[in-house]
Amino acid sequence: MKVTALTTDLVRVPFGKPTRVPLTDPKPTGPAGADVVLVRVETDAGLSGVGFTHLLGPGAAAVRALVDADLAPLVVGEDPRDTDKLFARAEAHFRATGFAGLAARAYSAVDVALWDLKAKAAGVPLYRLLGAAREAAPFFVSDLDLCGRDAAEVLKAAKPLMKQGATGVRIEIGGANVQADAERVREISDGLGDDAWVGVAANGAFDLGTAQALAHFFEDIGIDWFEDPIPAADEVGYAKLAGLMETPLAVGSGFGSREAFFRVIRTGHVRTVRPDVCRLGGITPLLKVAAVAEAFQVAVCPVRMPEVGVHLACGLGVVTHVDSVSWLRDVFTGGPKVESGKLVPGTEPGLGLTLK
């Protein structure tokens, strides 16, 4: 089987606007939408694969151009099942300018399409090709906290999803008002109840002292993880945080290389790593991170993209949860569904996705 053509498209997925805006922060802090670069890979066997990557900031047109001009020639004429070979070729192609960044984000869409094809060629859903560790996976929701929603709005949106089976929500903080951030987290946690899972993500926004103070506060209110509280490069700071706090640390949503994960995993300071399929360059490098994490008994929870995340969580024992967002529900038919309180992948070969 050989790749005969690779085509791209670019779509804009708007997020819902907040119905109320907090008086303390009148400007919504979240993005207004995501740009999604779609990739379709055709083969001489009559099979095709679909892949995608998203951006919450600028660069979508550049990512699409990289796929069309630089990556398509590397893949056309090759066997799409040779995922490691093609990933290494893409990394080598960008060695002079660096693979991390837009190049990795561009290749991630190609790599996802190749894995979709690989599973279709085997005649099985992707999660079965990856190992079929389980048939369904727990999930939490992390797209309820965008566009400046206050605590009441987050709770209103979260409770119906909790009834469907979501374990809880991931809350993003890191604004100018630390006290307002802390109070908002407390309101959401209290409103969801003691049984709900609540994760807090700071995207590296705080210094060590502020992160320590917040960590102690989160321990008091029962937060389940504190994600990227300080800049990723501050390895000494993470060692100090790990020694002082009981709330589990989760790290890696902004990491752009496998090596960054390997260093963090080996230190033993974090309990969960958060690889982003888009930032790393696809499923192929994420599997390498997962293998090292499993060896060190560190959990893996990929960032967003539940259309891929559900296959990773059901395919690999080390992937504990699906990070669920609803951004692509108007882009694809098929994909993960909630059954008996958990997220399940489709039964169709590959990712189980069809472009609308």
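The values are calculated or read from the model by the stated rules, or taken from the named source; none is laboratory data. It should be emphasised that the depicted structure is a prediction, and the values quoted were computed from it without experimental measurement. Every residue, glycine as well, gets a Cβ built from its backbone with ideal geometry; the counts of neighbours run over all protein chains shown. Surface accessibility is based on the protein's heavy atoms, side chains included, excluding ligands, DNA and RNA. Shrake-Rupley method; radii C 1.70, N 1.55, O 1.52, S 1.80 Å.
How about segment 104-129: which of its residues are under 20 Å from residue 288 (Cα atoms) and surrounded by fewer than 22 Cβ atoms within 10 Å (Cβ to Cβ)? Once the filter is applied, which keeps residues that are under 20 Å from residue 288 (Cα atoms) and surrounded by fewer than 22 Cβ atoms within 10 Å (Cβ to Cβ), segment 104-129 yields 128, 129. If I filter segment 293-311 for residues that are surrounded by fewer than 23 Cβ atoms within 10 Å (Cβ to Cβ) and in a helix (DSSP H, G or I), do I get at least one hit? Yes: one or more hits. Screening residue 270 with (1) part of a loop (DSSP other than H, G, I, E, B); (2) among the β-branched types (Val, Ile, Thr); (3) under 21 Å from residue 161 (Cα atoms) gives one miss only, at (3).
The residue that is nearest to residue 275 (Cα to Cα), counting only those in segment 197-211 that are of a type in the set (A, V, I, L, M, F, W, C) and under 18 Å from the mean Cα position of the chain (by Cα), is 201. Just to be sure before I move on: is residue 89 touching a Cys at 6+ places or on another chain (Cβ under 8 Å) and either open to solvent by 10 Å² or more (accessible area, probe 1.4 Å) or of a type in the set (A, V, I, L, M) (or both) in the structure I sent? No, not satisfied. Can you confirm whether residue 345 is in contact with a His (Cβ under 7 Å, 6 or more places away or on another chain) and closer than 17 Å to residue 128 by Cβ? For residue 345, the condition - in contact with a His (Cβ under 7 Å, 6 or more places away or on another chain) and closer than 17 Å to residue 128 by Cβ - is met. Number of residues in segment 255-267 that are assigned to a loop (DSSP other than H, G, I, E, B) and either surrounded by fewer than 23 Cβ atoms within 10 Å (Cβ to Cβ) or modelled with pLDDT of 95 or more (or both): the value is 2. The residues on offer are 221, 283, 265, and the sole one that is closer than 29 Å to residue 194 by Cα and touching a helix residue (DSSP H, G or I) at 6+ places or on another chain (Cβ under 7 Å) is 221. Out of all the residues in segment 336-349, is one or more open to solvent by less than 50 Å² (accessible area, probe 1.4 Å), acidic (Asp, Glu) and modelled with pLDDT of 95 or more? No: zero hits. Within the set 309, 282, the sole residue that is at pLDDT 95 or above and within 13 Å of residue 138 (Cα to Cα) turns out to be 309.
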